[in-house]
1. Pairs only if they're at least six apart or on different chains, beta carbon under 8 angstrom, first in the range 59-78 and closer than 12 Å to SER46 by Cα and without any contact (Cβ under 8 Å) to a residue 24 or more places away in the chain, second more than 11 Å from ligand 1 (Cβ to nearest atom) and of a type in the set (S, T, N, Q); list them, first residue then second.
2. When PHE73 is evaluated against the numbered criteria (1) of a type in the set (Phe, Trp, Tyr); (2) closer than 19 Å to LEU98 by Cα; (3) part of a loop (DSSP other than H, G, I, E, B), which criterion, by number, is the only one it fails?
3. Identify the residue in the range 190-205 that is among the aliphatic types (A, V, I, L, M) and under 11 Å from ARG158 (Cβ atoms) and, among all such residues, is farthest from ligand 1 (Cβ to nearest atom).
4. Can you name every residue in the range 22-51 that is in a strand (DSSP E or B) and buried (at least 22 other Cβ atoms within 10 Å of the Cβ)?
5. Only one of ASN72, ASN52, ASN58 is within 13 Å of ligand 1 (Cβ to nearest atom) and polar (S, T, N, Q); which?
6. Can you find, within the range 89-99, the residue that is nearest to LEU174 (Cα to Cα) among those that are away from ligand 1 (no atom under 15 Å from the Cβ) and crowded, with 22+ Cβ neighbours inside 10 Å?
7. Does ALA234 satisfy the criteria of being within 14 Å of ligand 1 (Cβ to nearest atom) and among the small types (Gly, Ala, Ser)?
8. Identify all residues within the range 105-125 that are of a type in the set (A, V, I, L, M, F, W, C) and either more than 19 Å from THR164 (Cβ to Cβ) or out of contact with any helix residue (DSSP H, G or I) (no Cβ under 9 Å at 6 or more places or on another chain) (or both); write none if there are none.
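The values are calculated or read from the model by the stated rules, or taken from the named source; none is laboratory data. Please read all numbers here as calculations on a predicted model, not as lab measurements. Don't worry about glycine lacking a Cβ; one is built from the backbone with ideal geometry, like all the others, and counts go over all protein chains shown.
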Amino acid sequence: MRKLLSVIVSCYNEEETIPIFYKEICKVSKEMKYIDFEFIFINDGSRDNTLNVIKDLNKKDKRVKYLSFSRNFGKEAAMYAGLVSSRGDYITLMDADLQDPPSLLEKMYKLITEEGFDCVGTRRVTRRGEPQIRSFFARMFYKLINKMSNVELVDGARDYRLMTRQMVDAILSLKEYKRFSKGLFSFVGFKTKWLEYENIERVAGETKWNFWKLFIYAIDGITAFSTAPLVISAVVGFIFCFLSFIMILVIIIRTLVFGDPVSGWPSLVCIIFMVSGIQLFCLGIMGQYLANTYLETKNRPIYIVKESNIDDKKN
Ligand code: UDP
Ligand code: MG
């Protein structure tokens, strides 16, 4: 029986890039004649003409399927929705902007079918075309999260990957609301091969991420996969208790030996500022975890579909 490959593309305001992307992926599907394709476009609440562009493609090509959200739920939700709706034996996640070259697909497929990998991921070895400060923070983030958590995140790894049905089912069995896919892929395990390539700039349109969004995403990633910040805040608290104990002893002895001249209020103010700052910081860390627990217990849906041409019998 012929196998099916699902290509999942999350799109947010991508009216310019989708036609270019479609052309490229069609070229690849022609080269890979031995397998059937389905293209699942997830319209993540775009404000432009993205949905109509996808619908037009669907009129010409029945392999094009779509799912349109009621609002923008974010790329994580879009990727999850794609995985839920996919039927393929092999599943790939791609961006619409051709930063994930579809031409790699055939090589990825061969690695899975001929060399026994469960997943082929991609990572970019350069960050050309990206602001330096962003690259710096990205590197810091990977160093930090790899130290703090026991899932392994590869620096520069993209979401672009080809997976077997078995691995996708494993990912779908993780039902958490706050999804950090890079971590989830690593959490489920399976044998992964990494392909490396140079960073490619998007063909048209512009990036949907700014520094602040990436920063929040990084914090989400760390809190989702590590509780180390809680331990660190407890250790800092302990160190400060210890220091204050020693300081109390020093002051008592000094007063007994030298009397008690009134001095030192500036240093006192500094200490109060610093300690209360650290307290607030630790409280903030705890708040993050509490907030995440709160969100998970609400059990809200990860995305809401407004319209689709996929008859969803699963889930
Ligand atoms: N995207 C999405 N929802 C969002 C933001 C982005 O589905 O809220 C999609 C976007 O359309 C693109 C992919 O995610 O296909 C990657 O986004 P982008 O190219 O802006 O990110 P970058 O490559 O700059 O990290
Ligand atoms: Mg991009």
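1. Short answer, once both residue conditions are applied: none.
2. The one condition PHE73 does not meet is (2).
3. Of all residues in the range 190-205, those among the aliphatic types (A, V, I, L, M) come to 195, 200, 203-204.
The next check asks that each one be under 11 Å from ARG158 (Cβ atoms); those that pass are 195, 200.
Numbers: LEU195: 17, ILE200: 10 Å.
Restricting to residues being among the aliphatic types (A, V, I, L, M) and under 11 Å from ARG158 (Cβ atoms), the top hit is LEU195.
4. Kept after step one, since they are in a strand (DSSP E or B), are these residues of the range 22-51: 36-43.
Correct list: PHE39, ILE40, PHE41, ILE42, ASN43.
5. Working: ASN52 fails: within 13 Å of ligand 1 (Cβ to nearest atom); ASN58 fails: within 13 Å of ligand 1 (Cβ to nearest atom).
One residue alone meets the criteria, ASN72.
6. So in the range 89-99, the residues away from ligand 1 (no atom under 15 Å from the Cβ) come out as 89-91.
Then keep just the ones that are crowded, with 22+ Cβ neighbours inside 10 Å; that gives 90-91.
Details: TYR90: 19, ILE91: 17 Å.
Among residues in the range 89-99 that are away from ligand 1 (no atom under 15 Å from the Cβ) and crowded, with 22+ Cβ neighbours inside 10 Å, the one nearest to LEU174 (Cα to Cα) is ILE91.
7. Working: within 14 Å of ligand 1 (Cβ to nearest atom): no; among the small types (Gly, Ala, Ser): yes.
No.
8. If we filter the range 105-125 for residues that are of a type in the set (A, V, I, L, M, F, W, C), which is where we start, we get 105, 108, 111-112, 117, 119-120, 125.
Hits for the range 105-125 are MET108, LEU111, ILE112, VAL125.
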